[in-house]
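Here is the structure we will look at.
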Amino acid sequence: MKFSTKILLNTLAIAFNLKLSYARKDEFTLNIIGDTGVTKEAEQVMNLHSFDALLHLGDYDYECKPDSYFDKFNSSRNYKFFGVLGNHESANECGETKYNKYISLLYNHMTNSKNSGTSCVFSPKKTMWSCVYKNMRIIGLSPYISKDEKRGDQLKFLKKYLSESSEDWKICAWHYYDDYYHTGKYIENENFVSGTGESFYDYCKDQGAIIFSAHDHVYARTHVMSRFSTPKIDSYDYDTPSNIVQIRKGATLDILNGVGGWEIYIERDKYKDYSHWQKKYARGSNNENAKKYGTLICKFNYGGNDKKAYCELLRINSDPKVFDSFYIYRNDDPKNVKYDEIDSKFLKENNGGSNSGSNKISTNGRCGSEYGRCPSGKCCSKYGWCNNTSEHCDISRGCQTAYGECNGSSGSDKISTNGRCGSEYGKCPSGKCCSKYGWCNTTEEHCDINRGCQSSYGTCKSYTTVKKTSTTTKKATSTIGYSSSDKCGKDYGKCKNDKCCSKYGWCGTDSNYCSSGCQKDFGKCW
């Protein structure tokens, strides 16, 4: 029988590629920050965590002094730098001469020797760029800001370089946002990025790219979305905890991060209540977060796995320091492959067989790829030790989910012990309500959702007025408390803000939640 050499070589190549599908790659840390200004707080934020590369989402200073940020932060840097233009660098804000100076500075800092090991291509006017760093491609755009390269040019640039990308990780970055993807400081009903045409967000989503923006001085992370133009949460996102993100071509998330050091904004109106938000952080009703600036630190190729990343929003002037923490998995087939299988397959291929990594149980108090999983009920710390203390078990402190149990770490996961409640103190004990001022009790003043009861940190109720012949009394319309998350049902409580509870136990406002199977006892139904 005749056998083609070409077929043999192709077969070997395919087998080789399959074998390397979970090959180990160097972990690297990316700092994603925006709206910093040149302040002492911005400097403190920059020192929250070490990093290999920085992605700045614009607004470097607020005084039209182009050199000030770069002289302060970039002159002696030991990390790679990538940055997009913000509105405070625009010609409208600073005049054409200074606008061109900002462009020149960004170009110089992204092409000088300190950025060795990166490869960048710039548009003719240098207001757009596509850069490759390790196994990541970052595309930086400036829609609504660039004086010469208009929105149509920006979309063409995006499509060209994103469609050609073969890197494992892809990022779309710009300063402004579309109307669904901010939390209400500026109510202008405008898609600053996409305009009235094709959605930039959806194109990035179709390529499996993570989206970052700023301008609104808050932090806000969406669910994994299968559509951005009119928001639609990806169906597979309902099957995972809030700290697990699974992206692929056709589904990704958007993160707005503008709390880098200048000012933290309020959130308001419909924008803050959109059901597509997974996690949000703003100034607070009592300005409690006004000085708690922060940045997003993401470790890509986490633990050597090129299909996994781990991110934390870290804050200054705050205890706990971590506000949000989550894992990102590149999962092309979430229907058939669970996210934890990505961990186990990687460990198996890189640690030699079924008796390695997370498949064996540690017997010496250590844990990790070399030692195995902790015994049942114990957590594996980021340093590779088994125990059940918060230092070992908090995901925010690096708890390793592949090798033991892990807990969340935000304020809403701990129980208050001093009568206070909120992000700094935790939840009220069972049965108590957290007032808008952050105190635990069971009175109507504490429990009435219409008076600001904080459902994330305790039970809340809705009260209505009941009239009797000559007297007026109040009673609670329901003994079912409000959910402290986007989950709903008998184990979680009612949806708030007139949202519907779907048959799968999630709060939302469209037909997926409000029609067939909607649970009327736990929310609104059509």
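The values are calculated or read from the model by the stated rules, or taken from the named source; none is laboratory data. Predicted model only: the values in this text are computed from it and were never measured. Note that each Cβ is placed from the backbone with ideal geometry, even for glycine, and that neighbours are counted across all protein chains shown.
The single residue among Asp71, Asp61 that is crowded, with 19+ Cβ neighbours inside 10 Å and among the acidic types (Asp, Glu) turns out to be Asp61.
Residues are listed down the side, and each one gets a yes or a no for (1) closer than 22 Å to Lys185 by Cβ; (2) under 17 Å from the mean Cα position of the chain (by Cα):
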residue	(1), (2)
Asn243	no, yes
Leu253	yes, yes
Lys270	yes, no
Lys321	no, yes
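Taking segment 242-256 as the search range and keeping residues that are outside any strand (DSSP E or B) and out of contact with any Phe, Trp or Tyr (no Cβ under 8 Å at 6 or more places or on another chain), which one is farthest from Tyr329 (Cα to Cα)? Filtering first and then ranking leaves Gly250. Residues in segment 81-102 include none that are at pLDDT below 95 and buried (at least 17 other Cβ atoms within 10 Å of the Cβ).
All conditions in (1) closer than 23 Å to Leu314 by Cα; (2) assigned to a helix (DSSP H, G or I); (3) not small (Gly, Ala, Ser) hold for Ile32, with the sole exception of (2).
Between Ile255, Ile264, Ile297, the distinction of being buried (at least 22 other Cβ atoms within 10 Å of the Cβ), closer than 20 Å to Ala209 by Cα and out of contact with any Pro (no Cβ under 8 Å at 6 or more places or on another chain) belongs to Ile255 only. Among the residues making up segment 372-398, those that are assigned to a loop (DSSP other than H, G, I, E, B), in contact with a Cys (Cβ under 9 Å, 6 or more places away or on another chain) and crowded, with 16+ Cβ neighbours inside 10 Å are Cys374, Lys378, Ser381, Gly384. Take the conditions of a type outside the set (Gly, Ala, Ser) and either on the phi > 0 side of the Ramachandran plot or modelled with pLDDT under 95 (or both) and apply them to Asp59. Does it pass? Answer is yes for this residue. With respect to Ser275, is the statement that it is assigned to a loop (DSSP other than H, G, I, E, B), touching a strand residue (DSSP E or B) at 6+ places or on another chain (Cβ under 8 Å), of a type in the set (Ser, Thr, Tyr) and in contact (Cβ under 8 Å) with a residue 12 or more places away in the chain true? So Ser275 fits the description; yes. From the list Ile255, Ile264, the one residue that fits, being within 30 Å of Asp306 (Cα to Cα) and aliphatic (A, V, I, L, M), is Ile255.
Scanning segment 143-160 for residues that are assigned to a loop (DSSP other than H, G, I, E, B) and closer than 19 Å to Asp202 by Cβ yields Pro143, Tyr144.
Quickly run through segment 257-272 and pick out the residues that are outside any loop (DSSP other than H, G, I, E, B) and charged (D, E, K, R).
Selection gives Asp269, Lys270, Lys272.
Criterion applied to Lys292, Lys299 was being in a strand (DSSP E or B), modelled with pLDDT of 95 or more and of a type outside the set (A, V, I, L, M, F, W, C), and the one residue passing it is Lys299.
Within segment 302-319, the residues that satisfy the criterion of being within 18 Å of the chain's Cα centre (by Cα) and either in a strand (DSSP E or B) or at positive phi (or both) are Lys308, Ala309, Tyr310, Cys311, Glu312, Leu313, Leu314, Arg315.
Applying the criterion of being of a type in the set (Ser, Thr, Tyr) and under 21 Å from the mean Cα position of the chain (by Cα) to the residues of segment 363-411, the residue that is modelled with the highest pLDDT is Thr401. Annotation: Arg137 fulfils all but one of (1) touching a helix residue (DSSP H, G or I) at 6+ places or on another chain (Cβ under 6 Å); (2) not in a helix (DSSP H, G or I); the unmet one is (1).
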